[in-house]
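First the structure, which I've put down as structure tokens, then a few questions once you've had a look.
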Amino acid sequence: MEQSEFDTTQAINETCYQLVKAGYSMRTIHAGLTNVMNAMGFNHPEKLSTEPLILAVDIDTTMLDRKLKHSTKLARDLRNELDD
């Protein structure tokens with residue numbers, strides 16, 4: 001199993017677990033998963049599109065930007081100290 005498949009399986013497991021904790025029955029969860037798979041064509045491989053699946057994801061990089069600026073400042077300060 002590739003890492004992406006493992007990660008996907010873990011996400012599905014965690015979501016299903018949360019649904020069970022919220023009171024949904026396994027039958028309802030199974031029906032929901034079946035509906036999603038049918039809608040995406042996975043239960044009918046002959047209907048699967050050969051077009052690549054494109055996902056748009058918004059990622060908040062604010063924290064990363066702050067850390068990068070801080071690291072850049074530290075590197076600049078260190079370089080200045082070493083140059084002195």
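The values are calculated or read from the model by the stated rules, or taken from the named source; none is laboratory data. Because the structure is predicted, anything quoted here is derived from the model rather than measured. So basically every Cβ, Gly included, is an ideal-geometry build from the backbone, and we count neighbours across all protein chains shown.
What single numbered condition from (1) more than 23 Å from the chain's Cα centre (by Cα); (2) at pLDDT 80 or above; (3) in a helix (DSSP H, G or I) fails to hold for L74?
(2)
Something else: Return yes when D60 is surrounded by 10 or more Cβ atoms within 10 Å (Cβ to Cβ), acidic (D, E) and at pLDDT 75 or above and no when it is not.
Judged against the criteria, D60 is not a match.
Applying the selection to segment 16-27, what residues are part of a helix (DSSP H, G or I) and either among the acidic types (D, E) or surrounded by 12 or more Cβ atoms within 10 Å (Cβ to Cβ) (or both)?
Within segment 16-27, C16, L19, V20 qualify.
List every residue pair whose Cβ atoms lie under 9 Å apart, where the two residues are 6 or more positions apart in sequence or sit on different chains, the first residue falls within segment 1-12 and is in a helix (DSSP H, G or I), and the second residue, located anywhere, is surrounded by 11 or more Cβ atoms within 10 Å (Cβ to Cβ).
I12/L33
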